[in-house]
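Taking it in order: structure first as structure tokens, then the write-up.
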Amino acid sequence: MSSVLEGVRVIDFGRYIAGPFCAALLGDLGADVIRVERTEGAEDRGISPVGGAGAGAVYLQCNRNKRGITLNPTTEAGREVSDRLIESADVVVANYPERALRALGLDYERLRRIRPDIILATVNAFGDGPWGAKIGFDGLAQAMSGNLYLSGEPGVPTRAFAPYVDYATASLSALSVMAALMHRDRSGKGQVVEGALLKTALTLMSPAILEQQQLGLDRPATLNRHPHAGPSDVFPTRDGWIMCMVLGDYQFRRWCELTGSEDLQDDPRFADDRLRGDNGEVLSERMAAWCETQTNASALEALEAARVPAGPVYSPAEVLEDPHVRQLDFYAAHDYPELETPALVPGFPVKLSVSAGTFHRRAPTLGEHTDEVLSELGYGAATIEALREDGVV
């Protein structure tokens with residue numbers, strides 16, 4: 001069976017994560033994705049560098065399954081190349097503010113004059129409203145959604161290390177592009193798909209926000225303790241750390257029996273998950289005392305035997321060595337010209353039994369496919385060389 005998006009062309013003018021990862025997911029599903037970046041290289045190439053200046057860890061993940069060209073679309077000749085690319089495309093991905101889209105000739109009104117059924121997938125930081133024109137990143141969306149306030153400990157707002165808002169926005173955008181393609185198949189019409197980092201962050205934080213709106217609890221941060229269940233926390237053992245998450249009455253009773261805490265089973269402070277969350281500090285102290293007598297291995301073995309959810313707290317080095325992670329068939333090692341050893345790049349994160357997403361092309365080096373793509377657009381070798389000498393590509 002051919003890939004789901006075979007025959008669909010995506011032009012990726014994106015940068016950093018939200019736009020490029022959206023395009024990468026579409027590439028995983030078979031789209032022909034062409035990444036366009038400045039002739040000197042985009043600024044996102046060097047994030048989390050693992051090789052040369054053009055081999056950052058973020059770039060290698062977010063630009064798999066793409067061909068890469070360089071282009072200066074602010075010149076007259078560059079704008080002509082850009083227009084030919086757009087004319088050949090089904091989807092344009094460009095996570096820029098509206099003002100920047102217009103400056104680059106990528107605003108929707110102009111795109112649909114070139115190709116009437118084009119789909120523009122764009123992402124901004126804050127959506128419409130007073131902050132609509134401001135630039136921003138994942139961390140700012142985390143901050144404005146309440147996540148920093150409720151993470152960490154009281155008085156120490158704490159950002160999540162992983163840029164989850166960027167990746168979630170990219171994933172929602174890819175889903176929405178698929179919906180837009182289905183709509184176009186039925187109606188013949190393109191549209192704008194507009195994601196916003198803040199909207200994604202607010203979606204993910206909505207239970208806490210709704211709780212505040214309804215109950216006005218002014219809940220403080222609780223570090224690693226779960227506010228709605230317990231014991232649910234991170235605990236040191238004799239040789240490491242584990243996380244234990246007890247949810248529901250059955251798990252709580254099994255935990256009590258395992259840790260010798262039968263006296264807590266009928267304590268009214270712990271009658272349900274909500275109360276166990278409210279009084280979680282007491283439960284965490286009891287669990288910490290039990291863990292002090294255990295190694296990671298013995299604690300996890302006992303918790304598993306009692307059917308109480310728990311797992312190890314890993315460093316990235318330990319993630320690489322974990323037997324389960326290694327057997328997930330999720331990471332694949334791929335050579336990259338600027339790296340001494342193959343890079344472990346994750347594949348498509350959802351398992352499809354028939355129409356699976358696949359890793360079939362490493363991220364491109366700077367301008368690697370410029371000649372190839374321009375040739376497909378009708379440019380001859382002499383013209384391409386002239387464009388290169390003029391700094392257009």
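Could you tell me which helices of the chain pass both thresholds, a Cα extent of 20 Å or more along their own axis and a mean Kyte-Doolittle hydropathy of at least -1.0, with helices taken as whole DSSP H runs? Sorted by number, the helices that extend far enough and score high enough are 164-187. Its relative contact order, with pairs defined as Cα atoms under 8 Å and 6+ residues apart, puts the range 220-263 at 24 percent. Assign one of three labels to the range 204-327, namely rounded, prolate or oblate, based on the Cα gyration tensor with a ≥ b ≥ c the square roots of its eigenvalues; rounded applies when a/c is under 1.5, prolate when it is not and a/b is larger than b/c, and oblate otherwise. Judged from the Cα gyration tensor, the range 204-327 comes out oblate (a/c at least 1.5, b/c at or above a/b).
Taking other C-beta atoms within 10 angstrom as a stand-in for reagent exposure, Met287, Met144, Met182 fall in the order Met182, Met144, Met287, fewest first.
If you average the alpha carbon positions of the range 287-345 and of the range 2-42, how far apart do those two centres end up, in angstrom? Centre-to-centre distance over Cα atoms comes out at 31 Å.
Straight-line reach from Lys351: taking Cα to Cα under 15 Å and skipping same-chain neighbours fewer than 8 places apart, the aspartates and glutamates in range are Asp28, Asp329.
Rounded, prolate or oblate for the range 1-95? Axes are the square roots of the Cα gyration tensor eigenvalues, ordered a ≥ b ≥ c, and the cut-off for rounded is a/c under 1.5.
Numbers: a/c = 2.29, a/b = 1.07, b/c = 2.13.
The shape class here is oblate.
So if I place +1 on the C-beta of Lys and Arg and -1 on the C-beta of Asp and Glu, and nothing else carries charge, what would the dipole magnitude of the range 257-393 be about its Cα centre? I want it in debye, nearest 20. Mind showing how you got there, number by number?
Details: 10 positive and 27 negative charges, 71 e Å.
My answer is approximately 340 debye.
Arrange the peptides 211-224, 20-33 so that the one whose residues have, on average, the most other Cβ atoms within 10 Å appears first.
Working: 211-224: 12.2, 20-33: 26.9.
The densest-packed peptide leads the list: 20-33, 211-224.
Can you bin the range 336-393 into rounded, prolate or oblate? Criterion: square roots of the alpha carbon gyration tensor eigenvalues sorted a ≥ b ≥ c, rounded for a/c under 1.5, prolate for a/b above b/c, oblate for the rest. Before the final figure, lay out each step's value.
Numbers: a/c = 4.49, a/b = 1.89, b/c = 2.37.
Oblate, since a/c reaches 1.5 and b/c is not below a/b.
Using only side-chain charges placed at the Cβ, +1 for Lys and Arg and -1 for Asp and Glu, the dipole size of the range 146-237 relative to its Cα centre rounds to 340 debye. Annotation: aspartates and glutamates with alpha-carbon distance below 14 angstrom to Lys199 (same-chain offsets under eight excluded): Asp128, Asp138, Asp166. Of Tyr16, Tyr96, Tyr314, the residue with the greatest mean-square motion in the GNM of the chain, using alpha carbon springs below 10 Å, is Tyr314.
Please report the antiparallel percentage of the DSSP beta bridges confined to the range 1-144, to the nearest 5. Walk me through the intermediate numbers first.
On the way: 1 of 16 bridges.
Close to 5 percent.
Count the DSSP beta bridges whose two residues both fall in the chain, then state the antiparallel fraction as a percent rounded to the nearest 5. Spell out each step's value before the answer.
Details: 14 of 35 bridges.
Percentage antiparallel, nearest 5: 40.
Positive end of the dipole of the range 176-255 (Cβ unit charges, origin at the Cα centre): among Pro220, Val193, Gly240, the Cα lying farthest that way belongs to Val193.
In terms of overall dimensions, the C-alpha atoms belonging to the range 128-245 reach 62, 35, 28 Å along their principal axes, ordered largest to smallest.
Each 10 Å bin from 0 upward holds the following percent of the Cα-Cα pairs of the range 99-178: 16, 35, 32, 12, 5, 1.
Excluding residues on the same chain fewer than 8 positions from Lys189, give the aspartates and glutamates whose Cα lies under 16 Å from its Cα. Of all the aspartates and glutamates, those that pass the test against Lys189 - Cα under 16 Å, at least 8 places apart if same chain - are Glu87, Asp90, Glu109, Asp117. Charging the Cβ of each Asp and Glu at -1 and of each Lys and Arg at +1, and nothing else, the dipole of the range 37-156 about its Cα centre rounds to 220 debye. Here the range 260-367 yields Rg over Rh of 1.18, to two decimals, using C-alpha coordinates and the Kirkwood radius.
Only the coordinates and a few stated rules stand behind these numbers; no lab work does. Just so we're clear, the structure is a prediction, and the values are computed from it rather than from any experiment. Every residue, glycine as well, gets a Cβ built from its backbone with ideal geometry; the counts of neighbours run over all protein chains shown.
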